[in-house]
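Contents: one structure, followed by commentary.
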Amino acid sequence: MKKFEQFYKKGDVVWAPFPYKDDADKSKERPVLLLSSDLYRNAFICAYISSKLNEKPRMIRILRRGFKEGYINNDYKASYIRPDIVYTLNKSLIERKYGTLKDEVVDKVIQTLIELLQKLPEVPSVPKSFERPPKRKTF
């Protein structure tokens, strides 16, 4: 019997493994937001979703009313999308779909990601001890 293939799209919130930041060989199953349409070889760019608010800059809060269809669970209050934590997810690893976020929520996440990508890196200040001494004048 052939397995029915689910269609996923940008804006869907799905249940899938997400790698740990400090050990990419390990992962945790969690809700993730699909930020792209189906890419080459059945993969999506996706963003990390957490139920914990940890005061990271640029976290985007999503409420139940932020979904245009479905939601994460019955006692759902809020979740937080981290546009600064993304990865490529193979379609075959998706366990199930929870719902789809409203376009304005997805647009806000993508705009935040674009801002993060365009942000210039902060150059650390160099301590005086590492500066080159002035050249000596020779006569």
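The values are calculated or read from the model by the stated rules, or taken from the named source; none is laboratory data. Keep in mind the model is a prediction, meaning the values are calculated, not measured. Positions of Cβ are backbone-derived with ideal geometry, glycine not excepted, and every protein chain shown enters the neighbour counts.
Just a few scattered comments:
- Residue 9 at pLDDT 90 or above, out of contact with any helix residue (DSSP H, G or I) (no Cβ under 9 Å at 6 or more places or on another chain), among the basic types (Lys, Arg) and over 17 Å from residue 82 (Cα atoms): yes
- The range 18-32 residues that are free of Cβ contacts under 8 Å to residues at least 40 places away in the same chain, paired with ones that are assigned to a loop (DSSP other than H, G, I, E, B) and not aromatic (Phe, Trp, Tyr) (beta carbon under 8 Å, 6 or more apart): 20/26
- Applying a threshold of 6 Å to beta carbon distances and a minimum spacing of six or more residues, or different chains, the list of pairs starting in the range 5-17 at a residue that is within 13 Å of residue 109 (Cα to Cα) and ending at one that is in a loop (DSSP other than H, G, I, E, B) and small (Gly, Ala, Ser) reads 10/36; 10/37.
- Any chance residue 53 is without any contact (Cβ under 8 Å) to a residue 40 or more places away in the chain and at negative phi: yes
- Sole residue being out of contact with any Phe, Trp or Tyr (no Cβ under 9 Å at 6 or more places or on another chain), loosely packed, with under 15 Cβ neighbours inside 10 Å, without any contact (Cβ under 8 Å) to a residue 60 or more places away in the chain and over 15 Å from residue 99 (Cα atoms), chosen from 58, 65: 58
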